[in-house]
1. State which residue is farthest from B:Leu147 (Cα to Cα) when the search covers only segment B:89-135 and only residues that are small (Gly, Ala, Ser) and within 14 Å of another protein chain (Cβ to nearest Cβ).
2. Hey, B:Ser57 hits all of (1) assigned to a loop (DSSP other than H, G, I, E, B); (2) buried (at least 18 other Cβ atoms within 10 Å of the Cβ) but one; which does it fall short on?
3. Looking only at segment A:14-49, which residues are away from chain B (no Cβ under 14 Å) and in contact with a Leu (Cβ under 9 Å, 6 or more places away or on another chain)?
4. Answer yes or no as to whether B:Leu63 is out of contact with any Pro (no Cβ under 8 Å at 6 or more places or on another chain) and surrounded by fewer than 20 Cβ atoms within 10 Å (Cβ to Cβ).
5. Name the residues in segment B:170-198 that are assigned to a loop (DSSP other than H, G, I, E, B) and either β-branched (Val, Ile, Thr) or at pLDDT 85 or above (or both), would you?
6. Just a yes or no: is a residue in segment B:3-18 under 13 Å from the mean Cα position of the chain (by Cα), over 27 Å from A:Ala161 (Cα atoms), more than 9 Å from chain A (Cβ to nearest Cβ) and not in a loop (DSSP other than H, G, I, E, B)?
7. Kindly state which strands (runs of 3 or more DSSP E) lie completely within segment A:77-157 and contain at least 3 residues that are away from every other protein chain (no Cβ under 14 Å) and under 27 Å from A:Lys175 (Cα atoms).
8. On the given criteria, is A:Val145 more than 14 Å from A:Asn52 (Cβ to Cβ), β-branched (Val, Ile, Thr) and touching a residue at least 12 places away in the same chain (Cβ under 8 Å)?
Amino acid sequence: MNTNKNSYTLIYATVMVIIVALMLALVSSSLKGIQTANVELDKKKQILSSLNVNFEGQDAAALYDKYIVKELVINSNAEVLSEVKGDAFKLDYIKELAKPIQERKLPLYIAQIEGETKYIIPLRGAGLWGPIWGYIALNEDKNTVYGSFYSHASETPGLGAEIAQTSFQQKFVGKSIFNDKEEFVSIAVMKSGQIAENQDQVDGISGGTITSKGVEKMLLSCIGQYEAYLKN
Amino acid sequence: MSKLISDKTKAVFLGPLSKNNPITVQVLGICSALAVTAKLEPALVMGLSVTIIVAFSNVIISLLRNTIPNRIRIIVQLVVVAALVTIVSEILKAFAYDVSVQLSVYIGLIITNCILMGRLEAFAMGNKPWESFVDGLGNGFGYAWILVVVAFFRELFGSGSLFGFQVIPQALYDAGYVNNGLMILPPMALILVACIIWVHRSRNKELQEK
C-alpha cells in the first residue's frame, strides 16, 4: 500500500483523531463520577487537616460529618444566607472571589471539637507559579488560630512547596488576627529576622519568599471578607 | 523464554542503562531532570511514569509503524503519547487521587520529554513490538536511575532528608551545619548531571570524543 499518497495521509489523520477523541471522551466520562467524589473527599480532608484532625486510616467523610456541625453561607455584612448543610460545601469559591465583595457568597464551616466551637475560613490566593489555597480554623474567640492547612498547585519543591508541610502550618497556631485595638490585621509571614509592626507574624520559608508573601496576602484578603462576622 | 530474551533484546535493554544512557550519553530529557529532582519521591515517581509511558507508546507505534504516513509520523507519535499521558493522568485522578495531587504538573510534563519522541522516532518506527517494549523499559530505567541519583544528592544536601525523612542529625545543625540552598535550585541539577557524565565517561573511554 502506498502510504505516501495525500488522500491516505488525510484519511489516516482523520481516523486517528476521531479514535483518540472518542477514547479520551469515553475515559473521561466514565471516570468523572469517581473523580468528583475524590475531589469532594479531598476537600473534606483538607478541612479536617486545618482542625488538626488525624484522618489517616479512617473514614474522612464520616469524621467530617462528626466534627463539622454547621455549614453557613454568609455575605461580607455577616448576614447568614443559608444554613443548609451542603450549600457552603458546594459553593464555587473561586467564582465568588471574582465578584465585587458586596455580592460575594462566602462559605463558613463551624466545627465542634471537644466541646469548643471552631470557625473555618477557606483561603485562596496566588503563589509564585500558580494558585495556592487552604483553610484556617479560628478558636471560639474568633481571633486566635486553632490550626491551618495550605496547599498549592505548582510551587517549587523544596522551596515554596514547603507551605504544604505541617511544620510550616503549625507555626500559625495561637497567632491572633486582631491586634490589641481590635482592628483586623491578619498575620504577617516575614523573612526570619524581620519584624512586622503591630501584628502577629510567623517565619516565612527561606528561598520561598514569593510563596510566603502569597500566603500572607491570601490570609489578609480572605479572612478580611469575614471581618464583620468575626467581630460580633 | 530463550527466544523472548535473546542476546539482541538483552543489549536493547542494557544499553540505555549505561553505554547508551538517554541522559548522560544522548543528553535527552534534561529539562525534566531539572524540574523534578529537588526531592527523591517525585523523581522516583516521574522515572516510573516515564518508563511505563515510553514502553507502551513504543509498543503502539511499533504496531502501527507500517501504516503511518511518513509525512505526519511525528504528529502521530505526539498524538499517541499525549493520549496515553492524558489517560494515565485521568486514571490516577480516579484511583490514586493522592498521587495525582502530588505529581500535579509533572504528569503533563511527560509529554514534553524528548526521550519519548526520541525512542519512538529512532527505535519503535523500525522494530518489532516486543523489542520496542524492552527498549522503552531500558530507556525508562536508564532515565529513572539518573534522576534518582541526582535527587538523592539534592535532597540530602539541600534539605537534609531522604524521601522526606530527616537523615542529617539535629546535633549537626546545632553545631553550625546548614543546608546548601544551591542544591535545591535547578542549576545544581545540571552540575550534578555533568558530574555523573564526567564519572561515566572516565570509566567508559570509548565514549570520549577525540
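1. B:Ala94
2. If we test B:Ser57 against (1) assigned to a loop (DSSP other than H, G, I, E, B); (2) buried (at least 18 other Cβ atoms within 10 Å of the Cβ), just (1) comes out false.
3. Scanning segment A:14-49 gives a single hit, A:Leu48.
4. Working: out of contact with any Pro (no Cβ under 8 Å at 6 or more places or on another chain): no; surrounded by fewer than 20 Cβ atoms within 10 Å (Cβ to Cβ): yes.
Judged against the criteria, B:Leu63 is not a match.
5. B:Val178 - this is the single residue of segment B:170-198 that is assigned to a loop (DSSP other than H, G, I, E, B) and either β-branched (Val, Ile, Thr) or at pLDDT 85 or above (or both).
6. Restricting attention to segment B:3-18, the residues satisfying the condition of being under 13 Å from the mean Cα position of the chain (by Cα) are B:16-17.
Filter again for over 27 Å from A:Ala161 (Cα atoms), leaving B:16-17.
Still in the list and also more than 9 Å from chain A (Cβ to nearest Cβ): B:16-17.
Narrowing the set further to residues that are not in a loop (DSSP other than H, G, I, E, B) leaves B:16-17.
The answer is yes; a qualifying residue exists.
7. Details: elements: A:80-82, A:106-113, A:116-126, A:131-138, A:145-152.
Ranges flagged: A:106-113, A:116-126, A:131-138, A:145-152.
8. It is false that A:Val145 is more than 14 Å from A:Asn52 (Cβ to Cβ), β-branched (Val, Ile, Thr) and touching a residue at least 12 places away in the same chain (Cβ under 8 Å).
The values are calculated or read from the model by the stated rules, or taken from the named source; none is laboratory data. No experiment lies behind these values; they were computed from the predicted model shown. With ideal geometry, Cβ positions are generated from the backbone for all residues, glycine too; neighbour counts draw on all protein chains shown.
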